Amino acid sequence: MRPKIYAIIQTGGKQYKVAEGQSIDVELLGVAEGGAVELDRVLLIGDGDNITSGKPIIEGARVLATVTKNGRAKKIIVFKYKSKTRYRRKNGHRQSFTTISIDKILGPGEEAPKAVKKTVHRKKKEETADGA
């Protein structure tokens with residue numbers, strides 16, 4: 001039986017340990033639901049006894065994932081209070097998140113399978129009225 005391959009990735013300023021087939025919530029990525037995401041900040045890849053670590057990232061390694069949901073977390077209440085000075089501040093916050101499903105973990109030099117489409121997110125140049 002082949003040991004399960006895992007990776008430690010960094011996205012949104014946080015680090016996550018992921019395996020193929022796993023779903024995780026990360027900071028909002030700005031990709032539509034059903035879109036593909038390629039995470040290239042891979043810090044470590046473990047495959048049984050073989051562990052590859054980066055300094056700080058592994059060049060050429062990437063994790064392919066699919067966005068399953070964009071949402072917002074439950075509201076938390078931020079309440080600041082100082083006694084005897086009549087200082088009270090009440091504020092609410094809902095954190096946005098993206099749920100991704102890990103499809104494939106690729107080491108350095110490995111090619112993505114043909115079935116996985118890579119989406120490129122680029123802003124289109126706006127054309128002026130005179131066509132310049």
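The values are calculated or read from the model by the stated rules, or taken from the named source; none is laboratory data. What you see is a predicted model; the values in this text were computed from it and never measured. So basically every Cβ, Gly included, is an ideal-geometry build from the backbone, and we count neighbours across all protein chains shown.
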* Structure fact -> Scanning the range 15-48 for residues that are among the β-branched types (Val, Ile, Thr) and under 11 Å from residue 69 (Cα atoms) gives 24, 26, 31
* Enumerate the pairs (first residue in the range 90-109 and closer than 21 Å to residue 65 by Cα; second residue anywhere and of a type in the set (Phe, Trp, Tyr)) with beta-carbon separation below 8 Å, excluding pairs fewer than 6 apart on the same chain, so at least 6 apart or on different chains. => 105/6
* Structure fact -> Over the range 60-76, the set of residues within 22 Å of residue 5 (Cβ to Cβ), aliphatic (A, V, I, L, M) and over 12 Å from the mean Cα position of the chain (by Cα) is 61
* Asked: Of all residues in the range 25-42, which are closer than 15 Å to residue 103 by Cα, surrounded by 17 or more Cβ atoms within 10 Å (Cβ to Cβ) and within 10 Å of the chain's Cα centre (by Cα)?
  -> 37, 39
* Structure fact -> Pairing a residue in the range 25-36 that is touching a residue at least 60 places away in the same chain (Cβ under 8 Å) and closer than 17 Å to residue 73 by Cβ with any residue that is of a type in the set (Lys, Arg) and outside any loop (DSSP other than H, G, I, E, B), where Cβ atoms lie under 8 Å and the two sit 6 or more apart in sequence or on different chains, gives 26/14; 27/14
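Residues are listed down the side, and each one gets a yes or a no for (1) modelled with pLDDT of 95 or more; (2) not charged (D, E, K, R):
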| site | (1), (2) |
| --- | --- |
| 18 | yes, yes |
| 38 | no, no |
| 47 | no, no |
| 57 | no, yes |
| 60 | no, yes |
| 84 | yes, no |
* The listed residue being among the aliphatic types (A, V, I, L, M) and without any contact (Cβ under 8 Å) to a residue 12 or more places away in the chain, out of 8, 51, 45 -> 51
